[in-house]
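Visitor: Below is a structure I'd like to ask you about.
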Amino acid sequence: MVKGLYAIRDTMARQVIGGIHVFAHEAAAVRFFGDIAGDAQTMVARHIGDHELVYIGSVNEETGMITDTDGRLVITGAAWKAAQVQDQPIQLEK
């Protein structure tokens, strides 16, 4: 099975925070990001406009092979927050 590799990028610090996360589906990665972004105790929530979820590649669990990308933007913290405030479905980046 091929799974996606995701990271939270701090755009102010210009670095990935919290490590690399593996998800079978992008929706699960967005939910994970939303859980962190919605927790007032996290730096992501306190500085929501400075954080974004990026897809950085995939891993084939059968072969162990990793493929990478240039860090495709999935959703920004600001877009996630706007969707919550307006009670709208989350619009992912294209």
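The values are calculated or read from the model by the stated rules, or taken from the named source; none is laboratory data. All of these numbers come straight from a predicted model, not from anything done at the bench. Because the Cβ atoms are built from the backbone with ideal geometry, glycine has one as well, and the counts that use them run over all protein chains shown. Heads up: the accessible areas ignore ligands, DNA and RNA and are worked out on the full protein's heavy atoms, side chains in. Shrake-Rupley method; radii C 1.70, N 1.55, O 1.52, S 1.80 Å.
Visitor: Mind pulling up the Rg/Rh value for the chain? Radius of gyration and Kirkwood radius, both on Cα.
Guide: Across the chain, the Cα-based Rg/Rh ratio is 0.98.
Visitor: Same structure again: Could you give the accessible area per residue of the chain, probe 1.4 Å, as a whole number in Å²?
Guide: Ligands and nucleic acids excluded, the figure is 63 Å² per residue.
Visitor: Let me ask something else about it. Summing Lys, Arg as +1 and Asp, Glu as -1, what charge do residues with Cβ under 9 Å from the Cβ of residue 10 carry, residue 10 excluded?
Guide: Every neighbour counted, the sum reads 0.
Visitor: Next question. Taking only Cα atoms, what is the 0 to 90° angle, nearest 10, from helix 26-37's long axis to the longest principal axis of the chain?
Guide: Between helix and principal axis, roughly 40 degrees.
Visitor: I need to check one value: relative contact order of the chain, counting alpha carbon pairs closer than 8 Å and at least 6 residues apart, in percent.
Guide: Once normalised by length, the contact order is 28 percent.
Visitor: Counting only protein heavy atoms and a 1.4 Å probe, tell me what percentage of the chain's accessible area is made up of carbon and sulfur.
Guide: Answer for the chain is 52 percent, counting heavy atoms of protein chains only.
Visitor: Additional query: Show that you can apply the helix-only estimate: for the chain, add -39,500 (n - 2.57) for every DSSP H stretch of four or more residues, divide by all residues, and state [θ] at 222 nm to the nearest 500.
Guide: Value at 222 nm, helices only, nearest 500: -7500 deg cm²/dmol.
Visitor: How much length, in nm to one decimal, is gained on full extension between residue 60 and residue 13, taken as 0.36 nm per residue of separation minus their Cα-Cα distance?
Guide: 13.9 nm
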